[in-house]
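Worksheet for the structure shown next.
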Protein chains: 2
Amino acid sequence: MSKLIGNAIFGQSGGPTSVINSSAAGVFTEALKQSGVIDKVYGAAHGIKGILDEKFYDIGLEDPYEIELLKTTPSSALGSCRYKLADASVDDTDYKRIVEVFRKYNIRYFFYNGGNDSMDTCNKISKFMQKADWECRVMGVPKTIDNDLFGTDHCPGFSSAAKYIATSTMEIYHDARVYDTGMITVIEVMGRNAGWLTAATAVSAYKGQGPDLIYLPEIDFDIDKMLEDVKKIYAKDLKCIIAVSEGVKAADGRYVPELVGSVDRDAFGHAQLGGTATILANYLKEKIGCKVRTIEFSLLQRCAAHCASKRDVEEAFLAGQTAVKCAIDGMTDYMIGCSRPEEGEYRFDIKLIPLDEVANTERKIPREWINEAGNGLNQPYIDYVLPLIIGESAPPMEDGVPRFAKLKKILATK
Amino acid sequence: MSKLIGNAIFGQSGGPTSVINSSAAGVFTEALKQSGVIDKVYGAAHGIKGILDEKFYDIGLEDPYEIELLKTTPSSALGSCRYKLADASVDDTDYKRIVEVFRKYNIRYFFYNGGNDSMDTCNKISKFMQKADWECRVMGVPKTIDNDLFGTDHCPGFSSAAKYIATSTMEIYHDARVYDTGMITVIEVMGRNAGWLTAATAVSAYKGQGPDLIYLPEIDFDIDKMLEDVKKIYAKDLKCIIAVSEGVKAADGRYVPELVGSVDRDAFGHAQLGGTATILANYLKEKIGCKVRTIEFSLLQRCAAHCASKRDVEEAFLAGQTAVKCAIDGMTDYMIGCSRPEEGEYRFDIKLIPLDEVANTERKIPREWINEAGNGLNQPYIDYVLPLIIGESAPPMEDGVPRFAKLKKILATK
């Protein structure tokens, strides 16, 4: 394979996670080592938008200690975007602009960190560059708390969110049982079409300190059946804890908020959910006549770096680092994925997934991992998730709060 | 001082905290050592209600390791209550019952863990027992995330909640700035009449990663002035983060939710707040026309033991332990408080506060610690709070989640 010499750019896309910056640290650390192959290492401000706007930072000018701190800094340090590229056959303006910018800055390595939509973006850009005869290696670095990326055992970002959710749900369990009066608690967890994260509350249940009922988008949501389930538990315990995915929907496809009102949609046409727990809690309050409490983990579940999984932080770093190594070795158009041994101890085995396979394919929880009633998880899910949440990430502390990375963000000049 | 020989009972009251069980560990550990003075050590189920119902656990039968684990277990392991005793001069039924139970079980030491209302309860019970000629030493162990207890520098529970709030607010700050599009984030923090906890978001601001505006109940809330403040910041940054206490109220005394609807009240006549941030966010969305996001820390801020302050855990334990030691030494009718040196290094100096001084007196943030505009904190608050949040409490972990105490809860028999 011929050596491809030039500059590299890395961008972060989609909703942030606790470890997306750890992947950035992996990409930057490895790319900055590649003297003779990679000259400049750029970080795009706000993902693909920063490339279109020619707004990116010269990472070589950053303090190495701050790059190290990225490992334990939540959210997207470079800024992210939810920008949707048009279909190139309809409007190729953005694609032409990207090739123009890449030529201008001699960008030969493009690393993009994101979920399904971002892998789709990578794939489209790569195809267009091939057509435009600009040699550039494109590698996707996976990221999503939703864990719905196709072809990979799991995805950086998920494990930390799962650890936070399992831990916080246990704490809420203790809080919710403190009085001897009746109380129904409804916990809302992110997850539009896949219930991986909501299912993490099953770890708390496995520890005897979790929800009584768990509702996932994988199962058609039946509000009458839920009421029946809740009534039974409440009659016995005077307490009921329910974990519900924001994305649960009835058999006719309607989300819970849609049952009572209109729903906004984003640039990708995704419904902007939220409020599911409040709606269900009010419903239960009316039907059962007891006190209800709603907990929304909201942004906290994707940015609580103080409660990250050590394994997740390490794997996210490794994914970024491996993307660079593979590209240097001549690979392109792959996403870094992982598998684990079918038997025995957990191990993180890197695997490469062609971008056109991963793009826009969603992975859901296997039906047999969900109990028959569709309101709880079976042991295979617990066995799957436990190795991922083990180990605590310890960001350095300063004045009793985490010391997060502070990048200088010096704009690149041609 | 004559030696008072008999049994001891401990109860937990009011809303739980991350460290209320650490005080329980302090009381139990110390009381169980007092052979020859204290025979049985009881833990009341659901505070004073457990005493009235003769429902309490024999703590001597618990595994010492589980008592040790109480230090890092959130919420009230024994169960709590929000039971209000009547005025004894109007209806002394409950008081007579308490004396009856105390006589029956030969209870000579009564330790009660709670906030303002609980100290008032302790005080009333003690006075009644004196009248009824039942010698029993009564000591209050302070507890409140609100930090509004009179006469003490701070209160166990506050520091851990403050640490969680400061940490989570920093994480939210990073998350909220991830896109280059406009966004207003409103964070709601607990605190009915005192803003100590909401003020903890100022630690994040002090670190350059916090809210732009902080609204406390100490300052009359002016919604027009807030809108003006937000507009200015948003025009400049396209971002604005606001931290607001659930208890902010207008000059005419109305809480934010009361401006738009009715409010429930609890047994103590306290308004059941919540929803303040959502109401303000909707108001700002309408007035400014931008995307808004609401974060409610809700129960998480008082039960996130995974992010507790090490100092708080230790001080809470010490408060419980000292209550027992003082009672053994003959003291009664005091709450354990603390002071710190006026100059130099932080130190936790125990101080005893007569119960009738503390009961039902609320402590607020000094006006001079709040900035002139009434929308931020001054350096003295930061200097006050930083020593309290230093050090991380590390609950033992099992399967990637905290291992919390599991008490056997064996009911006491006469």
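Among the residues of segment A:297-308, those that are farther than 18 Å from A:I67 by Cβ and either part of a helix (DSSP H, G or I) or at the interface with chain B (Cβ under 7 Å from one of its Cβ atoms) (or both) comprise A:S298, A:L299, A:L300, A:Q301, A:R302, A:C303, A:A304, A:H306, A:C307. Of the residues making up segment B:41-69, those that are open to solvent by 10 Å² or more (accessible area, probe 1.4 Å) and assigned to a loop (DSSP other than H, G, I, E, B) number 6.
Could you list all residues from segment A:189-206 that are open to solvent by 10 Å² or more (accessible area, probe 1.4 Å) and under 25 Å from A:A235 (Cβ atoms)? Lay out the reasoning, then the answer.
Going residue by residue through segment A:189-206, those that are open to solvent by 10 Å² or more (accessible area, probe 1.4 Å) are A:190, A:192-193, A:205-206.
Correct list: A:A205, A:Y206.
A single entry from A:V260, A:V256 fulfils the requirement of being surrounded by 23 or more Cβ atoms within 10 Å (Cβ to Cβ), more than 14 Å from chain B (Cβ to nearest Cβ), at pLDDT below 95 and on the phi < 0 side of the Ramachandran plot: A:V256. From the list A:K163, A:K131, the one residue that fits, being among the charged types (D, E, K, R) and under 20 Å from B:S18 (Cα atoms), is A:K163.
For segment B:134-143, does any single residue satisfy the condition of being touching a Cys at 6+ places or on another chain (Cβ under 8 Å), open to solvent by 10 Å² or more (accessible area, probe 1.4 Å), within 14 Å of chain A (Cβ to nearest Cβ) and not aromatic (F, W, Y)? Yes; the residues of segment B:134-143 include at least one that is touching a Cys at 6+ places or on another chain (Cβ under 8 Å), open to solvent by 10 Å² or more (accessible area, probe 1.4 Å), within 14 Å of chain A (Cβ to nearest Cβ) and not aromatic (F, W, Y).
So which of B:L388, B:L407 is outside any loop (DSSP other than H, G, I, E, B), farther than 30 Å from A:R311 by Cα and of a type in the set (A, V, I, L, M, F, W, C)? Selected residue: B:L388, the only one of B:L388, B:L407 that is outside any loop (DSSP other than H, G, I, E, B), farther than 30 Å from A:R311 by Cα and of a type in the set (A, V, I, L, M, F, W, C). Within segment B:376-398, at least one residue is away from chain A (no Cβ under 14 Å) and touching a residue at least 60 places away in the same chain (Cβ under 8 Å).
Note on segment B:311-362: residues that are modelled with pLDDT under 95, of a type in the set (S, T, N, Q) and on the phi < 0 side of the Ramachandran plot amount to 1. Here the condition is being over 22 Å from the mean Cα position of the chain (by Cα), closer than 16 Å to B:F102 by Cα and not basic (K, R); of B:L32, B:L61, B:L52, it holds for B:L52 alone.
Can we say A:G337 is open to solvent by less than 60 Å² (accessible area, probe 1.4 Å) and not in a strand (DSSP E or B)? Give the steps one after another, and end with the answer.
Numbers: open to solvent by less than 60 Å² (accessible area, probe 1.4 Å): yes; not in a strand (DSSP E or B): no.
So A:G337 fails the test.
A:I382 falls short of the stated requirement of being of a type in the set (V, I, T), crowded, with 16+ Cβ neighbours inside 10 Å and touching a Ser or Thr at 6+ places or on another chain (Cβ under 7 Å). Set side by side, the residues A:K364, A:K414 differ, and just one is away from every other protein chain (no Cβ under 14 Å), farther than 30 Å from A:A8 by Cα and either in contact with a helix residue (DSSP H, G or I) (Cβ under 8 Å, 6 or more places away or on another chain) or in contact (Cβ under 8 Å) with a residue 40 or more places away in the chain (or both), which is A:K364.
A:S168 - would you say it is closer than 30 Å to A:T332 by Cβ and among the small types (G, A, S)? In short, no.
Being outside any helix (DSSP H, G or I), among the polar types (S, T, N, Q) and either open to solvent by 20 Å² or more (accessible area, probe 1.4 Å) or farther than 19 Å from A:Q321 by Cβ (or both) is the filter here, so list the residues in segment A:14-40 that pass it. It would help to see each step written out before you state the result.
Initially, segment A:14-40 is screened for residues outside any helix (DSSP H, G or I), giving A:14-19, A:34-40.
Those left that are additionally among the polar types (S, T, N, Q): A:17-18, A:34-35.
Passing the criteria: A:Q34, A:S35.
Candidates B:T72, B:T93: the one that is within 20 Å of B:A132 (Cβ to Cβ) and either surrounded by 22 or more Cβ atoms within 10 Å (Cβ to Cβ) or not charged (D, E, K, R) (or both) is B:T93. In summary, A:C81 fulfils each of the numbered conditions (1) under 21 Å from B:V178 (Cβ atoms); (2) open to solvent by 20 Å² or more (accessible area, probe 1.4 Å); (3) not in a helix (DSSP H, G or I) with the single exception of condition (2). For segment A:65-118, the tally of residues that are within 14 Å of chain B (Cβ to nearest Cβ) and of a type in the set (F, W, Y) stands at 1.
Scan segment A:216-225 and give yes if some residue there is away from chain B (no Cβ under 14 Å), of a type in the set (V, I, T) and open to solvent by 10 Å² or more (accessible area, probe 1.4 Å), otherwise no. There is at least one residue in segment A:216-225 that is away from chain B (no Cβ under 14 Å), of a type in the set (V, I, T) and open to solvent by 10 Å² or more (accessible area, probe 1.4 Å).
Select, from B:R97, B:R108, B:R103, the only residue that is of a type in the set (K, R) and not in a helix (DSSP H, G or I).
Numbers: B:R97 fails: not in a helix (DSSP H, G or I); B:R103 fails: not in a helix (DSSP H, G or I).
Answer to the check: B:R108.
For the structure I just gave you, tell me whether B:T198 is of a type in the set (V, I, T) and within 14 Å of chain A (Cβ to nearest Cβ). No: the conditions fail for B:T198.
Here are B:I172, B:I233: which of them is part of a helix (DSSP H, G or I) and open to solvent by less than 10 Å² (accessible area, probe 1.4 Å)? Before you say what the answer is, go through the steps one by one.
Numbers: B:I233 fails: open to solvent by less than 10 Å² (accessible area, probe 1.4 Å).
Criteria check complete, one pass: B:I172.
Kindly indicate whether any position in segment B:347-363 is among the basic types (K, R) and touching a Leu at 6+ places or on another chain (Cβ under 9 Å).
Applying the first criterion (among the basic types (K, R)) to segment B:347-363 yields B:347, B:351, B:363.
Right, trim to touching a Leu at 6+ places or on another chain (Cβ under 9 Å) and you get B:363.
Among the residues of segment B:347-363, at least one is among the basic types (K, R) and touching a Leu at 6+ places or on another chain (Cβ under 9 Å), which makes the answer yes.
The values are calculated or read from the model by the stated rules, or taken from the named source; none is laboratory data. Keep in mind the model is a prediction, meaning the values are calculated, not measured. Heads up, the Cβs are rebuilt from the backbone with ideal geometry, glycines too, and the neighbour counts pull from every protein chain shown. Areas reflect the complete protein model, heavy atoms only, side chains present, ligands, DNA and RNA absent. Shrake-Rupley method; radii C 1.70, N 1.55, O 1.52, S 1.80 Å.
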